[in-house]
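Rule-based calculations on the coordinates, nothing more; no lab input. Everything numeric here is computed off the predicted structure, so don't read it as measured data. Cβ atoms come from the backbone with ideal geometry, glycine included; neighbour counts cover every protein chain shown.
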Amino acid sequence: MYSSYEVTPFSSTLGDHTKRCQRTIHTSVEMSGVGLFSGLTINMRLVPAPPGTGIVFKRVDLKNEPEFSATVDNVCGTPRCTNLGDGKSIVQSVEHILSALKAYEIDNLYIEVDGPEVPAGDGSSLVFVEMLERGQIVTEEPTLPIRHLEVPVYWSKGDVHMIALPSETFRLSYTLSYPNHPILSSQFHTIDLTHDTYRTEIAQCRTFSLYEEIVPLLDQGVIKGGSLDSGVIIKGDKILNPEGLRFKNEMARHKVLDLIGDLSLVGFPFVAHIIAIRSGHFSNTMFAKLLRESLVEIKEDA
């Protein structure tokens, strides 16, 4: 625990847009839940980490408890989720917890899991936000620079397009477009990311799947932990979840949630306006690599 540090109130990025304090949590927190792919009950523990550690996943169920950092270099697959690994071990479905960590500006943390994936919760990142709030966010020294873009960066493949524009805030704009689908034909959401906007607009938005896509995966045992409690299922023009949607454009908002998590793999704080059209985990992680090469540190005046 870091009892000597002051607990940080939830607020937006520092006003000078050039640097901010590092952050971790004050107290370790735990949760248990079912893994979407494995169907296993997985215990996860968030542990405070000292300055300069970064976000580090740790497989405590394996011999020698292998660790690997949450950076784009360690992405080892994007099969309907984002997976991180070191060539020998893996943690699946990291994007939702990374999304919460990015939104709450957590820089240093150990994420211990005793299984092959992060628990799914209800398919959103709300359970991870609640864990961070229970753990209490604290500041650490020294400060970290906030990187900026000098010129636009773009990535396109087929009908997927992504662009980052220079900005003084971290803004995300997402367009979901499947013209022939009655529900997913056109959805849009845009957000200036702060703790508060993430908590109220994004965190509770669940992953989603078409009924005709998910049923074969369930039959094949690819998704052993899937249910109406772990995401939104769409069949034709109907939502199968009894409670319905949490927002009319919940699916586009969830895509923003995923985008935040995947872009956190850049590995350091940055600001830009990210515009994405029909992107998913593969394109998000490819774009993270481009962004990492293009972001520059703003030098303070001598």
field: 25 °C / 0.890 mPa s Stokes-Einstein diffusion coefficient of the stretch 106-226, Kirkwood radius on C-alpha pairs, µm²/s
entry: 133 µm²/s
statement: So the pair-distance distribution of the stretch 19-145, from every Cα-Cα distance in 10 Å bins, comes to percents of 14, 47, 33, 6, 0
query: According to the Cα gyration tensor, what semi-axes, each the square root of 5 times an eigenvalue, does the equivalent ellipsoid of the chain have, listed from largest to smallest in whole Å?
result: 29, 24, 18
message: Give me the percent relative contact order of the stretch 16-73, please, defined on Cα pairs under 8 angstrom at least 6 residues apart.
response: 24 percent
task: Among Leu295, Leu176, Leu149, rank each residue by its count of other Cβ atoms within 10 Å, from fewest to most, as a rough exposure measure.
output: Leu149, Leu295, Leu176
message: I'd like the Kirkwood hydrodynamic radius of the stretch 147-297, using the inverse of the mean 1/r over distinct C-alpha pairs, in Å.
response: 16.4 Å
message: List the GluC sites (Glu not before Pro) within the stretch 238-302 that DSSP assigns to loop and that have no more than 11 neighbouring Cβ atoms inside 10 Å.
response: Glu243, Glu300
task: Count charges around Gln187 for me, please; just the other residues with Cβ under 13 Å from its Cβ, Lys/Arg as +1, Asp/Glu as -1.
output: +3
Sorted by Cβ density within 10 Å, fewest first, the residues His195, His26, His181: His181, His26, His195
message: Restricting to Cα pairs below 8 Å that are 6+ residues apart, what does the relative contact order work out to for the stretch 19-145? Please round to a whole percent.
response: 41 percent
query: What net charge is computed for the residues neighbouring Glu130, neighbours being all others with C-beta under 13 Å from the C-beta of Glu130, Lys and Arg scored +1, Asp and Glu -1?
result: -1
field: Positive minus negative residues near Arg59 (Lys, Arg vs Asp, Glu; Cβ under 15 Å)
entry: -3
message: Report, in listed order, any pair from Lys102/Lys238; Lys58/Lys238; Lys102/Lys289; Lys63/Lys224; Lys235/Lys289; Lys19/Lys157 with a Cα-Cα distance greater than 28 Å.
response: Lys102/Lys238; Lys58/Lys238; Lys235/Lys289; Lys19/Lys157
message: How high is the relative contact order of the chain? Use alpha-carbon pairs under 8 Å, at least six apart in sequence, and give a whole percent.
response: 25 percent
